[in-house]
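Contents: one structure, followed by commentary.
The values are calculated or read from the model by the stated rules, or taken from the named source; none is laboratory data. No experiment lies behind these values; they were computed from the predicted model shown. Counting neighbours? That spans all protein chains shown, and the Cβs are built from the backbone with ideal geometry, glycine included. With ligands, DNA and RNA removed, areas are computed over all heavy atoms of the protein, side chains included. Shrake-Rupley method; radii C 1.70, N 1.55, O 1.52, S 1.80 Å.
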Amino acid sequence: RSPGLPAGDYHASTWNTDGFINEVFDDQPCPPSCDPVQDGTIIQVQAATETTGIDFVLSPGGIITGTVTDRDSGLPVEDMVVEIWDSEGEFATAQQSDSSGRYSTTGLQTGTYYAITWNDLGYPQALYDDFECAPCTVTLGTPVPVMAGSTTPSIDFQLAKGGFVSGEVTDAGSGHGIADVHVEIWNTSGQLVSWESSGAAGSYKTTWVVPEGRYYVKTWNDLGFVHEIYPNQPCAACDATHGSWIDIDSGATTSDINFGLARGGSISGTLTLADPSDALLTNIQVFDENGQWVWSQAPPTTSGNYTVAVGLPTGTYYVRTAGGRPW
C-alpha cells in the first residue's frame, strides 16, 4: 500500500532479490532495461480514494551459476563481478563471486544471455567462454541459454592476471616531467584498450588492466607538444600501429615506456566573413600533407581570429573551414 498520492496517472513495478521475475503492472515482465512508463498500464489515482486491485503474480526466474578461478593457481577468485547481458546487449543483472569463487544470478526471463566479468583485482575483462577482451562487446561471447524456473550451471571463468604499462613523459627541451599528457594503449587491431594521464612529475601507470599480448603506445595532448608514437616517433595524424610494439605479460608491468616530447608549431590567422556572427558557426580544420585529419579548432571569436595550437611537427599542412562545431 502506497502513502497518500496526489491525484494523477501512475505506473507500478516490482523489485526483488528473491529470484522472481520483476513485473510492471499489469502482469508485464520487466527486466532492468524496461521502462515502466512506456511498457506499463496507467493507474489512475483519485484524491482521497484508494485504488485497489493493483496486483502482481510473480513467476520464478531462471538462474545462472558458475565458479571463477585463477588460471595459473587454480584458486577461487573472490569479489569478481559477473555481469549478465541479454540478447539485445542490454544489462540484465550482476553478482559477485564469494570466497569459494561461486556466483549465482537469479530472476531471469527465458532467453539467451551473455556473461562477462568486471573487476579491479588485476584481471582483464573476460567474456564467457574464457575470451579475454579489451574492449569487450558482450554479444561476441558464447550464448548462455536460460529457462525461467530452471538453473543454467557451470558458466565458469578461468582467468589469468593482466598487465600494465608505466613510464615517464618529459619535455625534450628541458627534461622536466609533463603533467596531463594522455598515454594510450592500442591493440594490434587498432582499438584503444587503455589510457592514463601523466602525473605532476610526468610519470604514469595505466589503471585498466589488459590481457597479455602485443600492444602499441602513443601520446595525445593539447598542451602544445608534438604527439608521439612509441618509441619517440613524432606524428600529426597518429596511427599507433605504425610504431614499435611492446609486450605486456600476465601479472606484470611493462616499464620504461618513456616519451620525450618536443614543442610543436601552430597555425593562426583571421577568418573574414560578410556577417561576423557566422564565425560562431564555422570551425577550422587542419590536414597533413597526406590529407589525413589532424585537428579541428573551435569556432573563432567574433573578431575572426583563430590559433590552432596543437603542437604540430615540422611539415606541410592544409587548412579549411567547415560548418558546425568540431565535436
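Among the residues of the stretch 158-182, count how many are open to solvent by less than 50 Å² (accessible area, probe 1.4 Å), touching a Phe, Trp or Tyr at 6+ places or on another chain (Cβ under 7 Å) and farther than 17 Å from Arg263 by Cα.
Total satisfying the criteria: 4.
It is to be established whether one or more residues within the stretch 254-263 are within 30 Å of Ala322 (Cα to Cα) and surrounded by fewer than 17 Cβ atoms within 10 Å (Cβ to Cβ).
Yes, that holds for at least one residue.
Kindly establish whether Glu184 is under 20 Å from the mean Cα position of the chain (by Cα), acidic (Asp, Glu) and assigned to a strand (DSSP E or B). Explain how you work it out, then say what you get.
On the way: under 20 Å from the mean Cα position of the chain (by Cα): yes; acidic (Asp, Glu): yes; assigned to a strand (DSSP E or B): yes.
Here the answer is yes, as Glu184 does meet what is asked.
Could you tell me which residue of the stretch 140-174 is nearest to Trp85 (Cα to Cα), considering only residues that are among the small types (Gly, Ala, Ser) and free of Cβ contacts under 8 Å to residues at least 40 places away in the same chain?
If we filter the stretch 140-174 for residues that are among the small types (Gly, Ala, Ser), which is where we start, we get 141, 148-150, 154, 160, 162-163, 166-167, 172-174.
Going one step further and asking which of them are free of Cβ contacts under 8 Å to residues at least 40 places away in the same chain, we end up with 141, 174.
Working: Gly141: 10, Ser174: 51 Å.
Ranking the candidates gives Gly141 first.
Which condition does Thr69 not pass, out of (1) outside any loop (DSSP other than H, G, I, E, B); (2) under 30 Å from Ala12 (Cβ atoms); (3) open to solvent by less than 60 Å² (accessible area, probe 1.4 Å), if it passes all the others?
With respect to (1) outside any loop (DSSP other than H, G, I, E, B); (2) under 30 Å from Ala12 (Cβ atoms); (3) open to solvent by less than 60 Å² (accessible area, probe 1.4 Å), Thr69 is out only on (2).
Could you look through the stretch 92-127, keep only residues that are open to solvent by 40 Å² or more (accessible area, probe 1.4 Å) and farther than 21 Å from Gly61 by Cα, and pick out the one that is modelled with the lowest pLDDT?
Filtering the stretch 92-127 for residues that are open to solvent by 40 Å² or more (accessible area, probe 1.4 Å) and farther than 21 Å from Gly61 by Cα, the one modelled with the lowest pLDDT comes out as Asp120.
In the stretch 34-54, how many are open to solvent by 60 Å² or more (accessible area, probe 1.4 Å) and either among the small types (Gly, Ala, Ser) or within 30 Å of Thr112 (Cβ to Cβ) (or both)?
Counting residues in the stretch 34-54 that are open to solvent by 60 Å² or more (accessible area, probe 1.4 Å) and either among the small types (Gly, Ala, Ser) or within 30 Å of Thr112 (Cβ to Cβ) (or both) gives 7.
Look through Ser166, Ser189 and report the one residue that is under 30 Å from His227 (Cα atoms) and outside any strand (DSSP E or B). It would help to see each step written out before you state the result.
Details: Ser166 fails: outside any strand (DSSP E or B).
On inspection, the qualifying residue turns out to be Ser189.
Considering only the stretch 135-162, state which residues are more than 19 Å from Val68 (Cα to Cα) and among the small types (Gly, Ala, Ser).
Selection gives Ala148, Gly149, Ser150.
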